[in-house]
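K.L.:
Got a structure for you, questions after.
The values are calculated or read from the model by the stated rules, or taken from the named source; none is laboratory data. This structure is a prediction, so every number in the text was calculated from the model and none was measured. With ideal geometry, Cβ positions are generated from the backbone for all residues, glycine too; neighbour counts draw on all protein chains shown.
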Amino acid sequence: MDSKSSIVLEIGGRYTKCGYSPESSPRFIIPTNLLPLNISSYLSGGASFDNFKKEITSDNETITTTNQIPTKLPTQSQLKESLFIFFKTIFLNYLLCKSDERKIIIVENIFLPRLFRESMVSVLFEQYRVPLIVFINPTASLIPTLRTTALLIDSGFSETRVLPIYEGVGILKAYKSISLGSESLINQLKQYLQSNITNGIIIDNQNNQSITDSMICNQLLNDKILNSIQLLEDIITRCCFCSFKNKNNNNIEINNINYRISKEYSILIDGNNIRKGLVDVLYKDVNNNDNNNNNKEDDDENLEEGNIATTILNTLLKCEHDQRKPLSHNILLLGGTTMLAGFKKRLVLELHRQLKMNENSIYRNELFGLIGHFQFINHPFENNYLSWLGGSILANALEHVHSKITLESYLNAPSQFKRSQLIPEWEKLTNINNYTQIAQATMGTTINPLQFNSTSSLFSPFTSSSDLSSHLNKD
């Protein structure tokens, strides 16, 4: 059993990465299908679970909001039932393995709800009889980059999380999250399509003419577009990008394009409103009162106010003065939303804009010296599976990882309460000094992150004492 590769899982609100250690990328990236439950925001952990659902409909070109429909938080029995089917799909349909022969490495969000973690451990041990479960938090994403200092910006489906890591220690007091992610882009795209569906955005592929028949347009909208999140995600991925002004401070005009949704019809994707304007929702302007407020503690009262740039700056405000510049030099992007074209440059421009916007703002007074110092850690891997890769590397040195549970210890626990106590708490997983030691030991023995891509460098132009390059194999 020890000779078999471990299974590495990263369960996100929208997608799950699954594969084997020590491979350099996941075998499959599949939807996190926990039907009949729809709990993507619940899995995010840092964002509050919305007990109300808003449905937007289009009636005579007027967007109306229906009554809020209450939903309930999932129970443990519901979670176990959905997780059993979900893991069965992973083991039998994708990884093609026996669960009782493989150790499980779970790369998790540090604020994943405890009820979900308990249900997941119960299903894996009691029903699938896995021999070992190891919990690894997303700070393991630093291991492939050979760094111990970074500003983690994880922008996923439901929210964006910002966590600073300084010399291997997570600064939890500076942790921030905001409910902005790819779901925000999808909702914005839905609203645009609903309000403009009869304005000629549906194109007939045969004669290349616009269709204005409201019955045909609404039927296409409800049957083929709004019910397919995959299609909306594909539109955003293929057509949209993060825009910015040119050197003359002028907006760049973007051409419209046709996106084919079927053999008969296409959607006209507006260049200004959708292709370059859709991503603006991630950088929406905050109230001037927030910018003029010199009380740092007020930032904690409402994390929903602001945008990604202000969330990052609020995180830096919570860090010590001598930590801010090293963190700014080592920004590490995670999550699929950060893979949009132009995301890095737009993020830096928005950070600079916030720092220059108001002379009396706390950002300008405290962080103005960081202008020109926002740099990203360069690496040859994709942002959406970097945390998974860190778990894959650490799986080669499980004897050094303390956050693990064996099947024997779980089944021998005298009560359900004792079993739940075996599951490590998130505050015990935030210090990654242990991860750094594991990385040093691992790179000298069994695996080297540089072997995954020999043509690209893992190091950014800004090096610091956080570099682990001295630990690489010399031969």
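K.L.:
Quick one: how many residues across the range 104-119 are part of a helix (DSSP H, G or I) and under 20 Å from the mean Cα position of the chain (by Cα)?
P.N.:
From the range 104-119, those part of a helix (DSSP H, G or I) are 114-119; that's our starting set.
The next check asks that each one be under 20 Å from the mean Cα position of the chain (by Cα); those that pass are 114, 116-117.
Within the range 104-119, residues that are part of a helix (DSSP H, G or I) and under 20 Å from the mean Cα position of the chain (by Cα) number 3.
K.L.:
Count, please, the residues in the range 78-103 that happen to be under 16 Å from GLY19 (Cβ atoms), assigned to a helix (DSSP H, G or I) and without any contact (Cβ under 8 Å) to a residue 24 or more places away in the chain.
P.N.:
Matching residues across the range 78-103 total 2.
K.L.:
Same structure, new question: Under 6 Å between Cβ atoms, at least 6 apart or on separate chains: pull out the pairs that start in the range 15-30 with a residue that is farther than 18 Å from GLU108 by Cβ and end on any residue that is modelled with pLDDT of 95 or more.
P.N.:
ARG27/GLY19; PHE28/CYS18; PHE28/TYR94
K.L.:
Could you list, in sequence order, all residues of the range 163-172 that are surrounded by fewer than 24 Cβ atoms within 10 Å (Cβ to Cβ) and assigned to a strand (DSSP E or B)? I'd like the intermediate steps shown before the answer.
P.N.:
Going residue by residue through the range 163-172, those that are surrounded by fewer than 24 Cβ atoms within 10 Å (Cβ to Cβ) are 166-172.
Scanning the range 163-172 gives TYR166, VAL169, GLY170.
K.L.:
Continuing with this model, one more query. I'm trying to understand the selection: among the residues of the range 170-210, which are modelled with pLDDT under 85 and among the aliphatic types (A, V, I, L, M)?
P.N.:
ILE197
K.L.:
Can I ask one more? Going residue by residue through the range 409-425, is there one that turns out to be in contact (Cβ under 8 Å) with a residue 24 or more places away in the chain, farther than 22 Å from GLN76 by Cβ and surrounded by fewer than 20 Cβ atoms within 10 Å (Cβ to Cβ)?
P.N.:
no
K.L.:
Can you find, within the range 367-387, the residue that is nearest to GLU23 (Cα to Cα) among those that are of a type in the set (S, T, N, Q) and more than 17 Å from the chain's Cα centre (by Cα)?
P.N.:
In the first step, residues of the range 367-387 are kept if they are of a type in the set (S, T, N, Q); the result is 375, 378, 383-384, 387.
Going one step further and asking which of them are more than 17 Å from the chain's Cα centre (by Cα), we end up with 375, 378.
On the way: GLN375: 28, ASN378: 20 Å.
Top of the filtered list is ASN378.
K.L.:
May I pose another question? When you go through SER48, SER41, SER58 one by one, which is the residue that is within 22 Å of the chain's Cα centre (by Cα), modelled with pLDDT under 75 and not in a loop (DSSP other than H, G, I, E, B)?
P.N.:
Working: SER48 fails: not in a loop (DSSP other than H, G, I, E, B); SER58 fails: within 22 Å of the chain's Cα centre (by Cα).
Residue meeting the stated conditions: SER41.
K.L.:
Also, I was wondering about something else. Could you look through the range 404-415, keep only residues that are in a helix (DSSP H, G or I) and either of a type outside the set (S, T, N, Q) or at pLDDT below 85 (or both), and pick out the one that is farthest from LEU394 (Cα to Cα)? Give the steps one after another, and end with the answer.
P.N.:
The initial filter retains those residues of the range 404-415 that are in a helix (DSSP H, G or I), namely 407-411.
Filter once more, so that each one left must be either of a type outside the set (S, T, N, Q) or at pLDDT below 85 (or both): 407-408, 410-411.
Numbers: LEU407: 20, GLU408: 22, TYR410: 22, LEU411: 26 Å.
Result: LEU411.
K.L.:
Mind telling me which of the residues GLY372, GLY390 ends up being in a helix (DSSP H, G or I) and more than 20 Å from LYS284 (Cβ to Cβ)?
P.N.:
Values: GLY372 fails: in a helix (DSSP H, G or I).
Sole residue among the options that is in a helix (DSSP H, G or I) and more than 20 Å from LYS284 (Cβ to Cβ): GLY390.
K.L.:
Tell me, yes or no, whether the range 420-434 has at least one residue that is among the hydrophobic types (A, V, I, L, M, F, W, C), at pLDDT 80 or above, assigned to a strand (DSSP E or B) and farther than 19 Å from GLY170 by Cβ.
P.N.:
Going residue by residue through the range 420-434, those that are among the hydrophobic types (A, V, I, L, M, F, W, C) are 422-423, 426, 429, 432.
Still in the running and at pLDDT 80 or above: 422-423.
Subsequent filtering for residues that are assigned to a strand (DSSP E or B) retains none.
Checked against the condition, which is being among the hydrophobic types (A, V, I, L, M, F, W, C), at pLDDT 80 or above, assigned to a strand (DSSP E or B) and farther than 19 Å from GLY170 by Cβ, the range 420-434 yields no hits at all.
K.L.:
Output the residues belonging to the range 371-408 that are of a type in the set (Val, Ile, Thr), surrounded by 15 or more Cβ atoms within 10 Å (Cβ to Cβ) and over 21 Å from GLN127 (Cα atoms). If you could, list the steps in order and put the result at the bottom.
P.N.:
So the first thing to find is which residues in the range 371-408 are of a type in the set (Val, Ile, Thr), and the list is 371, 377, 393, 401, 405-406.
Then keep just the ones that are surrounded by 15 or more Cβ atoms within 10 Å (Cβ to Cβ); that gives 377, 393, 401, 405-406.
ILE377, ILE393, VAL401, listed by residue number.
K.L.:
Report the residue count in the range 205-228 for those that are more than 16 Å from SER266 (Cβ to Cβ) and either not in a loop (DSSP other than H, G, I, E, B) or not assigned by TED's automatic domain parsing to the domain that holds GLN188 (or both).
P.N.:
First, the residues of the range 205-228 that are more than 16 Å from SER266 (Cβ to Cβ): 214-215, 218, 222, 226-227.
Pick out the ones that are also either not in a loop (DSSP other than H, G, I, E, B) or not assigned by TED's automatic domain parsing to the domain that holds GLN188 (or both) and you get 214-215, 218, 222.
Result for the range 205-228: 4.
K.L.:
Could you check how many residues of the range 160-184 are within 12 Å of the chain's Cα centre (by Cα), closer than 18 Å to ASN383 by Cα and of a type outside the set (Gly, Ala, Ser)?
P.N.:
Selection size over the range 160-184: 5.
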